[in-house]
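Colleague: Structure below; questions to follow.
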Amino acid sequence: MHKKAIIIGASAGIGKALAIELGKNGYELGLTARRIGLLESLQKEIATRTWVQQMDVADTEAARTQLAALVEKMGGMDILILNAAVGLTGTTWEENKTMIEVNTLGNISLGDFGVHYFKDKKQGHLVGISSVAMHRAFRTSVVYSATKSFLSAYLQGIRHFFAYKKLPVDVTDIRPGFVETDMTSVNDPKKMFWISKPETAAYYIRKAIENKKSIAYITPRWWLIGQIMRLLPDWLVHKT
């Protein structure tokens, strides 16, 4: 039997590439995003059975209802992938509020649905797409980094919850470095390195999911950068 995975935020970037990667490897997929036209186009690229659901994760109550309906249409869910994200400059409160509503409230509201679903099912896999940025909030990405730190901390807590309950529910925290997407296209190319194609990132994410990793850096060499960012002294960060 093919596993059934739902990707929140599948219309572009990592989410789209991951949908194609999972589809190539036999997964049945539920795909959500605000832009239904992009989801329907993506659906045509995937050979396995696929369902689409328009969803704005910032509208948390509606999104939870839509996720429940999608799970019912699919006849169940084995994997829930929280991939909704926006990365804005954070120069205005409106931008910061949007990042909080999508990256934090949106993902956690759906993650909460997944936790209760997998608890009742007594099995499953919750995956969150965080970022290496969770290790350090620089002045140019204060709120974005904070939202990713929140997501990673949430996933850690849920992992402990299921371990305490002795339930076979896996929780994977995916921490990408630079990936070539619309979000990173606004960055200064001179300040980006080890940048991956979305297809490459998707391959490593699939492998991390299948290997039931607790934490996975994408690509794996970003583990080193994560440790450096975590250990950097404040006085050095303040000079950058």
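Colleague: Please compute the modelled spin-label separation between residue 139 and residue 235, points set 7 Å along Cα→Cβ, answer in nm with one decimal.
Modeller: Taking the two extended label points, one gets 1.8 nm.
Colleague: For residue 224 and residue 69, what does the FRET efficiency come to when R0 = 45 Å and r is the distance between their Cβ atoms, rounded to the nearest 0.05?
Modeller: Once rounded, the FRET efficiency stands at 0.60.
Colleague: Could you tell me which of the pairs 166/212; 73/197; 3/122; 121/166; 16/148 are separated by over 22 angstrom between their Cα atoms in the structure shown? Intermediate values should be presented prior to the final figure.
Modeller: Details: 166/212 16 Å; 73/197 32 Å; 3/122 16 Å; 121/166 13 Å; 16/148 20 Å.
Check vs 22 Å cut-off fails for 73/197.
Colleague: Once every DSSP H run of n ≥ 4 in the chain is given -39500 (n - 2.57) and the sum is divided by its residues, what mean residue ellipticity at 222 nm do you get, rounded to the nearest 500 deg cm²/dmol?
Modeller: -14000 deg cm²/dmol
Colleague: Angle, helix 198-210 long axis vs. longest principal axis of the chain, Cα atoms, 0 to 90°, nearest 10?
Modeller: 60 degrees
Colleague: Between residue 197 and residue 92, how many nm apart are label points set 7 Å from Cα along the C-beta direction?
Modeller: Going by the 7 Å Cα→Cβ label model, 3.7 nm.
Colleague: Now, a different point. For the range 95-121 and the range 8-82, what is the separation of their C-alpha centers, rounded to whole Å?
Modeller: That distance is 15 Å.
Colleague: For helix 107-121, what angle does its Cα long axis make with the longest principal axis of the chain, in degrees from 0 to 90 and rounded to 10?
Modeller: Around 40 degrees separate the two axes.
Values in this text are rule-based calculations from the coordinates and carry no lab data. What you see is a predicted model, and the numbers here were worked out from it, not measured in a lab. Cβ sites come from the backbone with ideal geometry, for glycine too, and all protein chains shown count toward neighbours.
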